[in-house]
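Working notes for the structure below.
All of the numbers you see were taken from the coordinates with simple rules; none came from a lab. Keep in mind it's a predicted model, so treat the numbers as computed, not measured. Cβ atoms come from the backbone with ideal geometry, glycine included; neighbour counts cover every protein chain shown.
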Amino acid sequence: MSARLLILTCILPLTLSACQDSSSAANSVAEPVIDTRNDGETAQPFEELLDQGIAVYQGTYQPESTDVEGDATVHQFAQGDGPLCLDGSAYNMSTRDQGSSDLVIFLEGGGGCWSELCMANETAQPGVPRRGILDPDLAGNPVASANVAYLPYCDGSLFVGDVDHSNPGYGKPENTEYQRGLKNLSAGLDVTAATFPAPSRIILAGNSGGAFGTLFALPLVRHLYPNVPIEVINDSGLGIAMDNAPEFILGRIEDWNAVQFFPENGCPDCLTNGHMTEYLRW
């Protein structure tokens, strides 16, 4: 892997109290590492994924409007061929500037949608919810004063989808399902980088579907912030244990058109055991 990262995995709801006590490493800061190829040329972190196209939408979509809601700024995207929620409604994300050098990028969770099942958030709620590590008034919250970029989850594809489904039998066959997680993620991170261009530390966090999203968002965040230490908090996004797990995961990648997130050459075993272990090792 091209950067040394702190990955904190918490199974309890994301109040962070469990995370905070689970490891003394939570107070450490990882230094980015640049890989060097055998031929002596410098390689970018996650270069293989970049070559496969995960950053194809970065720099493409701008918010249609911005509005202040409480202590947050809501960045609303236009409907069309860009960011969208599962039901075709407009996507939005929110930022909260507290004048900090620390930045929390939080990916929300909320179910999933694929060919056999569709139970997921279908709309993006504006604003930053005041709960868990997003609550600046929560006693003991170690990132209470940090700046926040909050990305709602409404695509049903763990922030990786790049496909629209209108075929009968997919998810909820009476509707077209817009699984534009990659566009939503890329557009939200573009706003984040424009709003907070120079943090000294990034905490990339998510729960459930958003926890899986942190694993896939990491290369894009590193691409936007090549020299900033990144810590990842993955709450309940470890993997799915089932007898047919490899086939299940391969099926979801096909459903969501998400093959670009998995290194084709550098990690040939990433998808063979049905879990994320080899992907994380890579």
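Assorted remarks:
- Relative contact order (%) - criterion: Cα under 8 Å, at least six apart; region: the range 57-100: 32
- A simple packing score, the average count of other Cβ atoms within 10 Å per residue, orders the peptides 210-219, 244-253 as 210-219, 244-253, with the highest score first.
- For GluC sites (Glu not before Pro), the sites in the range 88-141 that DSSP calls loop and that have at most 12 other Cβ atoms within 10 Å are GLU116.
- Per-residue Cβ neighbour rank within 10 angstrom, fewest leading, LEU182, LEU138: LEU138, LEU182
- Judged by the mean number of other Cβ atoms found within 10 Å, the most tightly packed of the peptides 160-166, 145-151, 64-70 leads the ranking 145-151, 160-166, 64-70.
- Coordinate range along principal axes, alpha carbons of the range 116-222, Å, largest first: 48, 27, 22
- Mean Cβ count within 10 Å, highest first, over the residues of peptides 175-181, 256-262, 229-235: 175-181, 229-235, 256-262
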